[in-house]
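Beneath this line is the structure, given in C-alpha cells, with notes to follow.
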C-alpha cells in the first residue's frame, strides 16, 4: 500500500519598494520546502530569515561550514537564479524572504510548496 503525503502551497508578495516579505507561516514542520522564485531583474540576491515565533526577531539563515574549521556561511540564492523552484532546508515554522535590492517597478510574487 502506498501513502501520498499532503502538500500545502502558499503565496507571498514583496511589494514595490520593499526588501522583505511579510511573515510566511507554514503551520508546522515539513520534510521538504520549495521556494518558487519569480522572473526578476538581475542584481537581486535572495536570503531566508527565520524566527521561532510569528512576531519574533527574524535572523538570516546560515549553512554550516563544510569542514571542521570553516565558519557558517549565509544562505544566499544568487540573483542569476530566477523563474524556478529552490529547495530549502530548515526547521522553522515562520520565515521571511529578503532581497538585496528593492523592487522599483513592480512587486514580486513568490510560491512556497511544502510536503509533509
Quiz item: All but one of (1) farther than 24 Å from residue 5 by Cβ; (2) modelled with pLDDT under 90; (3) surrounded by fewer than 12 Cβ atoms within 10 Å (Cβ to Cβ); (4) in contact with a strand residue (DSSP E or B) (Cβ under 9 Å, 6 or more places away or on another chain) hold for residue 28; which doesn't?
Solution: (1)
Exercise. Name every residue in region 57-92 that is free of Cβ contacts under 8 Å to residues at least 60 places away in the same chain, out of contact with any strand residue (DSSP E or B) (no Cβ under 7 Å at 6 or more places or on another chain) and within 17 Å of residue 26 (Cα to Cα), in order of residue number.
Key: 89
Self-check item: Complete set of residues in region 12-22 that are touching a strand residue (DSSP E or B) at 6+ places or on another chain (Cβ under 7 Å) and surrounded by fewer than 17 Cβ atoms within 10 Å (Cβ to Cβ)
Solution: 13, 19, 20, 22
Quiz prompt | Number of positions in region 31-51 that are loosely packed, with under 11 Cβ neighbours inside 10 Å and either touching a residue at least 40 places away in the same chain (Cβ under 8 Å) or on the phi > 0 side of the Ramachandran plot (or both) | solution = 3
Exercise. Answer yes or no as to whether residue 109 is more than 11 Å from the chain's Cα centre (by Cα) and part of a strand (DSSP E or B).
Key: yes
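If you check residue 113 against the conditions, is it out of contact with any helix residue (DSSP H, G or I) (no Cβ under 8 Å at 6 or more places or on another chain), surrounded by 14 or more Cβ atoms within 10 Å (Cβ to Cβ) and either free of Cβ contacts under 8 Å to residues at least 12 places away in the same chain or closer than 17 Å to residue 19 by Cβ (or both)? Let's see the steps before the verdict.
Numbers: out of contact with any helix residue (DSSP H, G or I) (no Cβ under 8 Å at 6 or more places or on another chain): yes; surrounded by 14 or more Cβ atoms within 10 Å (Cβ to Cβ): yes; either free of Cβ contacts under 8 Å to residues at least 12 places away in the same chain or closer than 17 Å to residue 19 by Cβ (or both): no.
When the stated conditions are applied, residue 113 does not pass them.
The values are calculated or read from the model by the stated rules, or taken from the named source; none is laboratory data. Remember, predicted model here, so these are calculated numbers, not experimental data. Note that we place each Cβ from the backbone using ideal geometry, even for glycine, and neighbour counts take in every protein chain shown.
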